[in-house]
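Input: a single structure, listed below in structure tokens.
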Amino acid sequence: MMDTPPASTLPPRTPHKLFSPARIWAIASNTLLELVRLKVFYFLLLFALLIIGSSAFMLDFKFQEQFQVLKDMSLGSMSIFTWLLSVLATSMLLPKEIEDRTLYTILAKPVPRLEYLMGKLLGILVLLLISILLMSALFVVALYIKQQQVLADAVQGVPPEQVQAVIRGVKASSFTVSLIPCIVVIYIKSALLASFTLLVSTFATSSIFTVIVSFVVYFIGHVQGIARESLLSSPHTTALSKIFLAFVALLFPDLRLLSLTDDVVAGNAISSTIFLKTAGLGVSYFCVYSLMAYLIFAFKEL
Amino acid sequence: MTKSLVAAAAIGLLFGMAKLPFEHSLEQEDRAAFFHGAKLSLGLRDQVGQLGFLAALSGFRSLVADFLWIEAHTAWEGTQWARMALLFNNVTTLQPRVLMFWDMAAWHMAYNASVAAFNDRRQPRKALRLRAQREYFELGKDFLVRGIENNPDRYLLYERLGIVERDKFGDHFAAATRFGQAAAIPGAPAYDKRFTAYELSHCPGHEREAYERLLALYRMGKQEWLPTLLERLGYLQAKLNVPEAQRVYIPPIRPGQKP
Amino acid sequence: MNDKILEGEASGPAISIRHLTKVFPIPFRRERVVAVKDLSLDVLPGQVYGLLGPNGSGKSTAMKIVLGLVTPSAGQTQIFGRDSSDVESREDVGFLPENPYFYKYLTGEETLRFYGKICGLSGSKLRAKIAELLKLVGLEDARDRRLGGYSKGMLQRIGLAQALIQDPRLLVLDEPTAGVDPAGSREIRDLILDFKSRGITVLLCSHLLGQVQEICDRIGILSRGVLVREGRLDDLVAIENQTELILENAPPPLIGEIKALVEGSGARLVEARKPHTTLEQLFLEVTASGKETNERPHERRKE
């Protein structure tokens, strides 16, 4: 009875697929369903929508650049909301499943850990995408309303031959094509933060720890640029500060680079090179953080 | 489990090293396109303090700037000039690429606060009031100078600075320089070129250069034959003793004036 | 032993554990916890195997290693000949963890659909399977009710259903009747016996020894990570030198005669009394029929 028995010759009933998008999507849609039920999602979304919606009507200062405040508030809300959502929602994904033991039921099925993680990430990404699309739609509506208001004021008392030019001018400063790359980069940044939060949650002992670490990294990420430039250029820093600067520069993402909002609102045109490089940087951070998360999760004792 | 932690950390570190040069080059490219405002020429510690403040706001920056801006206008209604200056400083730090902030800040300082300081009856000594007025001129100029540092690619602030130099400091040469800088930027209005020439025409020793410029503008056609241009042209023609045959413009004789 | 078990022996064990050792290091301390020490056992196809032991005995760890959730420090575990670390091995296994919650916002049917999808099932095949399993575990009426509204017993049953969604040949059940009332408990145990009759192998971990005794063929007892007893249940619990006779409608004179025979042969009559039914039996009979009498319970015996 204790000798090595002959291996079974019977094949399993369902043929095993090495990689199955259907499996990943099943997990992703379940994750999405779970997250959409989170109260914090509703509060945050409602708040963001309120801000965007109301910015069309409030702050009717004549001396303001008409669209600036609206764009600032809307894009700012989008950025903050997706940041908060990505960190808060992702931080509880794994701990909750481990605590409820649902993770065991899933991984006891023939689901590779890689697909499980991909499914979770995909669920978050879809949630963020839906949120951004909703907010962008409302933003466009608010911008349109504002544009109509401004147009009505602007054409008063203008001689007929100049009306077209005035209308063109107003329209050019409301909807600029640079808004699209700006929003895309906001999305990529939130995806990056989600993947980073997932990474921390694979070895963190509690969700609170994950959230705090992610918040801290978010803030430090906005000053990483100085550390990096200082490290690369200044010759006079001491060895100790060089080590510290290297630590910050290597380990933290430069989140300031991953934001085109200020420049878009100020009226700068975004060249496609800068957009592609910025987007590419964000996407590669996302991929690396996801890979690191997988490495840790794949060998985690459950 | 420890092995995988180490592997993940190694990947993170390798990626960290690979991304540094890329981030650096992207930063350079951003600077070339004047994103994020001018590089602060402060020491590291001050930079961290400054940018730490910015980082703490991160995505909130533009919102806070807008609200501070509105507060500055409330301060204006209460004629709290010092508070306005402080708020304007914060707003322009937060949003260095928004021209309006620099422009309006300078205007408030150089045109409104300065007048209030000059008319301030609480200060009986005129010399001190003049000095206060001058200080506000300088404050306004400073906003424009810093604004230009952060926005060297746009003409507006050069132009505004030219006007301040002309109207508040009476420094025609400085004004001419600034109008010239504005005119050099693509998209600048046509009058910047004219203003450069006008200001230059008031500078002793630069009459010839001013005359050449005005002549070139005159030759561009009727749209340039504005009263001031013609007047300055006539003045310089007389000053430089340009031969009659070469004079392109003959000023009309006013009643009572000798030919 | 029934035919299915014999057939199983020919094709290899359902679970094969060889010299399994698992050591957990305690972070920041030099000591380590030895959860499982040199464990070797086989679970043959078609058997119901009970893995028993007190808390901390290592049975949960061993189970998790078999399921590939934890990696062993030494030794090997296989499911139907496939190493546990191989994802494919889990095509053959259904797992019901202890006190599972599942997703409270999903209905019974949606839960099964989710697990079916991650097992690669879809379409009409999945729908048919869901209907079949809901009927099997007796939850057809609750199929559209959210799991948040299920009782403990219902949760365990839906758990069993999800474990079976991909038609596994092996079921691993961790405390399947813990916290369930006697009626629900009986239903689950009946289900397990039903699985056995279909040839499904069952590995069972439980504290509730009385229930285990009713359904297991073989048991293994773990204590502090070491297998201290292993074998056929009947063999292990039988008191070797005693014989039990149960008589129906025996008149007192007959009892006297038997007593005399026993004393004459040199054996000892340990006890002569009326056999008891179990308290569980009484409870079930009384609560099922709703009777409020002092009628004595029928005597029911294990077949």
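Nothing in this text is a laboratory measurement; each read-out follows from the coordinates by a stated rule. Being a predicted model, the structure only gives us computed values, none of them experimental. Using ideal geometry, Cβ is built from the backbone for each residue, glycine included, and neighbour counts are taken over all protein chains shown.
For the range C:8-93, applying the loop criterion from DSSP together with a ceiling of 12 other beta carbons within 10 Å to the GluC sites (Glu not before Pro) yields C:GLU31.
Candidates C:GLY210, C:SER57, C:LEU164 compared by Cα position along the dipole of chain C: farthest toward the positive end lies C:SER57, with charges placed on Cβ.
With a cap of 10 neighbouring Cβ atoms within 10 Å, and only residues DSSP puts in a loop, list the GluC sites (Glu not before Pro) found in the range B:124-227.
Here no GluC sites (Glu not before Pro) fit, given the DSSP loop and packing criteria.
Pull up the DSSP beta bridges for the protein assembly as shown and report the antiparallel fraction as a percent, rounded to 5. In the protein assembly as shown, approximately 55 percent of DSSP beta bridges are antiparallel ones.
Over chain B, Cα pairs under 8 Å with separation of 6+ residues give a relative contact order of 10 percent. In plain terms, the bigger the Kirkwood radius, the slower the diffusion; for the range B:100-259, with that radius from Cα pairs, at 25 °C and 0.890 mPa s, Stokes-Einstein puts D at 141 µm²/s.
Note on the range B:52-153: Rg/Rh from C-alpha atoms, Kirkwood Rh, equals 1.04. Extending 7 Å from the Cα toward the beta-carbon at both C:ASN241 and B:LEU240 defines two label points whose distance is 13.7 nm.
Take the Cα of C:ARG198, step 7 Å toward its Cβ, do the same at A:LYS242, and the gap between the two points is 7.0 nm.
Tell me, which longest segment in chain A has none of the chymotrypsin sites (Phe, Trp or Tyr not before Pro) that fall in DSSP loops with at most 12 further Cβ atoms within 10 Å? If you can, show how the numbers build up before the last one.
On the way: sites that count: A:PHE19, A:PHE57, A:PHE61, A:PHE63.
The reported range is A:64-302.
Note that chain A shows a convex hull volume over its alpha carbon atoms of 211 Å³ per residue.
Structure remark: mean-square fluctuation, Gaussian network model of chain C, C-alpha springs under 10 Å; the largest value among C:GLY199, C:GLY256, C:GLY123 belongs to C:GLY256. Panel order for B:THR79, C:THR277, A:THR105, by other beta carbons found within 10 Å of each beta carbon, from fewest to most: B:THR79, C:THR277, A:THR105.
Listed by Cβ neighbour count within 10 Å, with the fewest neighbours leading, B:TRP225, B:TRP107, B:TRP81 appear as B:TRP225, B:TRP107, B:TRP81. Comparing C:GLU230, C:GLU285, C:GLU187, which has the greatest mean-square fluctuation in the GNM of chain C with Cα pairs linked when under 10 Å apart? With Cα springs under 10 Å in chain C, the top fluctuation among C:GLU230, C:GLU285, C:GLU187 is at C:GLU285. Test of the criteria: in the range C:24-96, which chymotrypsin sites (Phe, Trp or Tyr not before Pro) are in a DSSP loop and have at most 14 other Cβ atoms within 10 angstrom of their Cβ? Of the chymotrypsin sites (Phe, Trp or Tyr not before Pro), the ones in loops of the range C:24-96 whose Cβ has at most 14 other Cβ atoms within 10 Å are C:PHE28.
Ordering A:CYS182, B:CYS203, A:CYS287, C:CYS119 by the number of other Cβ atoms within 10 Å of each residue's own Cβ, fewest first, gives A:CYS287, B:CYS203, A:CYS182, C:CYS119. Comparing B:ALA127, B:ALA72, B:ALA110 in a Gaussian network model of chain B where C-alpha atoms under 10 Å apart are linked, the largest mean-square fluctuation is found at B:ALA127.
How many percent of all Cα-Cα pairs in the range C:3-237 sit more than 24 Å apart?
45 percent
Extent of the protein assembly as shown along its three principal axes (Cα atoms, max minus min coordinate, largest first): 166, 61, 57 Å. Between amide H atoms placed 1.01 Å from N, distances below 5 Å from C:LEU204 occur with C:TYR49, C:GLY50, C:LEU51, C:LEU173, all of them 5 or more places distant or on a separate chain.
Placing R0 at 30 angstrom, the Cβ-Cβ distance between A:LEU276 and C:TYR105 gives a FRET efficiency of 0.15 after rounding to 0.05. Approximating the spin labels as points 7 Å out from Cα along Cα→Cβ, the C:PHE24-to-A:ILE167 distance works out to 7.4 nm. Once the convex hull of all Cα atoms in the range A:37-158 is built, its volume per residue stands at 102 Å³. Of all DSSP-defined beta bridges confined to the range C:3-237, some 55% are antiparallel rather than parallel. Along the Cα-to-Cβ line of B:GLU149, 7 Å from the Cα, sits a label point; which residues in the range B:65-106 have backbone N less than 16 Å from it? What the label zone holds, given the 16 Å backbone N cut-off, is B:89-98, B:102-103, B:106.
For the pair C:ARG224 and C:LEU279, a Förster radius of 22 Å applied to the C-beta separation gives a FRET efficiency near 0.10, rounded to the nearest 0.05.
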